[in-house]
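Working notes for the structure below.
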């Protein structure tokens, strides 16, 4: 994967699941299901909405059903499915597509990200490694490799991969956000804060980047600062509810599970997170 970042619907019932940015979920998905901080597609100024992704799913599914050997149909249909969290279906399509189009590295990269979506991390790491061409590096592939490395607990390697991606695409906020979360996973919170603050100032940064900054500030016990950032994207009441949840979570022994995908989650009744659209990976 990559480090997905979720944009939440902050409804009247509580938007605090915003901060359950588990590493498996903490990839920065880009415009299409984007995930891995690197996207399947080029970075977009505005993430797509769920309705836009559903429209794209419907459009490409018809083309794919008409001809399952159509490379673009498979690629873009799977991208839409990933954006809508239909990960098993996306993987099945990509598995077939890479057999037919075995030399297509962009398709191979999408397949690697999809494997990560489905928890097949070792296989994803191998596939993404094969998709990467040192003589023609792709920042999206490097970022995707980084998110998988983070999920495997290899944070030093992940940070090297993000740094390599940023040399190709300087100031790309999705990669910077992934790097910030990787530093947080390594418990280098001041460094994580610095990178996320820098990411938040870039022109293409959106609420997902700021949510990760809120999380890192909360893990440092800086709840007032965290609430100020949270209010940039939500009402005062929702920001207060989010920070109250974060404060409770940080006080628990398993607070780091918010980053690693473990048990620190809000009550099941809380509104489900809505992924801001854009695959990154």
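Of all residues in region 170-194, which are closer than 21 Å to residue 137 by Cβ and within 18 Å of the chain's Cα centre (by Cα)?
171, 172, 173, 174, 175, 176, 177, 178, 179, 182
Would you point out which residue out of 92, 88, 78 is assigned to a helix (DSSP H, G or I), surrounded by 19 or more Cβ atoms within 10 Å (Cβ to Cβ) and on the phi < 0 side of the Ramachandran plot?
Only one candidate passes the filter, namely 78.
Based on this model, can you work out whether residue 197 counts as modelled with pLDDT of 95 or more, surrounded by fewer than 24 Cβ atoms within 10 Å (Cβ to Cβ), under 25 Å from residue 47 (Cα atoms) and out of contact with any strand residue (DSSP E or B) (no Cβ under 7 Å at 6 or more places or on another chain)?
When the stated conditions are applied, residue 197 passes them.
Among the residues of region 203-232 satisfying the criterion of being under 16 Å from the mean Cα position of the chain (by Cα) and not in a helix (DSSP H, G or I), which is surrounded by the most Cβ atoms within 10 Å (Cβ to Cβ)?
Only one residue tops the list, namely 206.
Out of region 91-115, which residues are more than 19 Å from residue 147 (Cα to Cα) and either at pLDDT 95 or above or touching a strand residue (DSSP E or B) at 6+ places or on another chain (Cβ under 8 Å) (or both)?
Listed by number, the residues that qualify are 92, 93, 94, 95, 96, 97, 98, 99, 100, 101.
Any chance you could count how many residues in region 116-145 are touching a strand residue (DSSP E or B) at 6+ places or on another chain (Cβ under 8 Å) and closer than 18 Å to residue 104 by Cβ?
Going through region 116-145 one residue at a time, the tally reaches 2.
The values are calculated or read from the model by the stated rules, or taken from the named source; none is laboratory data. Quick caveat: nothing in here was measured; it's all calculated off a predicted structure. Counting neighbours? That spans all protein chains shown, and the Cβs are built from the backbone with ideal geometry, glycine included.
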